[in-house]
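Chemist: Below are the structure tokens for one structure; questions will follow.
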Amino acid sequence: MTVIRSVVRSVGAALPKRRMTNADMAALVDTTDDWIVERTGIRARHIAADNELTSDLGAAAAKQALVRAGVDPLDIDLIICATSTPDRTFPATAVRIQHMLGVSKGAAFDIQAVCSGFVYAMTIADSLLRSGQATRALVIGAETFSRILDWTDRSTCVLFGDGAGAVVLEAMPQHGGLSDRGVLSAKIRSDGRYEDLLYVDGGPGSTKTVGHLRMNGREVFRHAVQKISGVMEETLVATGFAADEIDLYIPHQANRRILDGVARKLGVSPDKIVMTLDQHGNTSAASIPLALNVAFEQHRIHEGNLIMMEAMGGGFTWGAVLLRW
Ligand code: UT7
């Protein structure tokens, strides 16, 4: 039986030039390199210039992915940008990126699921491709979280960074089994009871301001290991794969201790987990495609590999995508 699957054709990424180390952070707030490394694993992050927008980073990542795939932008008929730091409240950053790429057909829109944004965007793109609504998509995670940080709050400002990553996802006929290339499982979840643990204290509809990120880190941490391993276990059960059959794990990069905790719970060997948070910090919706891009550039991804992406973020939202490269 022939089925349509959403196959990743390529990946691209973009980081702002400006890089801030933990020593740079210690010059701003009462913190130390030791504290940040020990509690999070983060050593540096990139911060966008004042005139560098989420759309600039997203478009740069998209262009690299298109070039690597050998796909003309005019053959793209769907652009989804996962972001919580759009250029403007509206129109969507994805539509601006569409224009920057010279595309004026198909559909472009943003989705907002904070750090789970890329997993949500992949899930939506996969549904639209498999249902025949589109044939070739750009799925982008792009953020300028530096704009919503309280730079006097040491408990949050040291954690986040800016950047973007993108994949070209294409509808391709496959055989209909688990040896197919493409997205094999996509699961997204949310639970609004936890809104007050991780949120931004402003917005156009409430305060008419942008607001700043607020987080109860310890509580978020407690939920993260449990929710992420839960949805990954569901994915493994649904597809029948064992955790050690997955070739590479591309997690959202929030905290090294969360990734270690999930790996221990599922019995995953640490060398299968791609970790980039030491150099990028937490870039929210951009962190998964940024990590995917690093793994690709390090030649750690080969055709036929099984790749699991997972994330949890504000909302709470969480989810996992399993695909074969
Ligand atoms: O991507 C979205 C999902 N987000 C996450 O997954 C984040 C999850 N949470 C975490 O990663 C961790 O909870 C943090 C890294 C945010 C914090 O680590 P923690 O071990 O939970 O520390 P804590 O918040 O319990 O704070 C411990 C101490 C406090 O001091 P006292 O009250 O014990 O005297 C904080 O004031 O560390 C202090 N502290 C700092 N010290 C130096 C907080 N931030 C800093 C800092 N430098 N930057």
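Chemist: Counting only C-alpha contacts under 8 Å and six or more residues apart, can you give the relative contact order of the chain as a whole percent?
Modeler: RCO, the chain: 26 percent.
Chemist: In Å², and per residue, what accessible area does the range 182-324 have when probed at 1.4 Å with the other protein chains present?
Modeler: Ligands and nucleic acids excluded, the figure is 42 Å² per residue.
Chemist: Helix-derived [θ] at 222 nm for the chain: sum -39500 (n - 2.57) over DSSP H runs of at least 4, divide by residue count, nearest 500?
Modeler: Dividing the helical sum by the residues of the chain leaves -9500 deg cm²/dmol.
Chemist: While we're looking at this one, here's another question. Hey, what's the Kirkwood Rh for the range 3-174 if you take every pair of different alpha carbons, in angstrom?
Modeler: Answer for the range 3-174: a Kirkwood hydrodynamic radius of 16.7 Å.
Chemist: Now, a different point. Mind checking the alpha-carbon convex hull of the range 207-325 and giving the volume per residue in Å³?
Modeler: Taking only Cα atoms, the range 207-325 has a hull volume of 118 Å³ per residue.
Chemist: Mind checking which of S229, S104, S146 has the largest fluctuation in a GNM of the chain, springs on alpha carbons under 10 Å?
Modeler: Checking each option, the largest mean-square fluctuation is seen for S104.
Chemist: Follow-up. In the chain, how many lysine pairs have Cα atoms under 29 Å apart, counting only pairs 8 or more places apart or on different chains?
Modeler: 11
Chemist: Looking at the chain as a GNM with Cα springs under 10 Å, which of M232, M308, M25 has the largest mean-square fluctuation?
Modeler: M25
Chemist: What is the diffusion coefficient of the chain in µm²/s, taking the Kirkwood radius over Cα pairs and the Stokes-Einstein relation at 20 °C with a viscosity of 1.002 mPa s?
Modeler: Answer from the Stokes-Einstein relation: 110 µm²/s.
Chemist: Could I ask something else about it? Over what distance in Å are the Cα centres of the range 66-130 and the range 178-234 separated?
Modeler: 20 Å
Chemist: For the chain, with all protein chains present and a 1.4 Å probe, just round the carbon and sulfur fraction of the accessible area to a whole percent.
Modeler: Carbon with sulfur: 50 percent of the solvent-accessible area.
Chemist: I've got another one for you. Largest first, how would I4, I250 line up by accessible area (1.4 Å probe)?
Modeler: Ranked from most to least accessible, the order is I4, I250.
Chemist: Accessible area per residue of the range 3-174 at 1.4 Å probe, in Å²?
Modeler: It amounts to 40 Å² per residue over the range 3-174.
The values are calculated or read from the model by the stated rules, or taken from the named source; none is laboratory data. Since the model is a prediction, treat every value here as computed from it, not as a measurement. Protein only, heavy atoms only, side chains kept; ligands, DNA and RNA dropped before computing areas. Shrake-Rupley method; radii C 1.70, N 1.55, O 1.52, S 1.80 Å.
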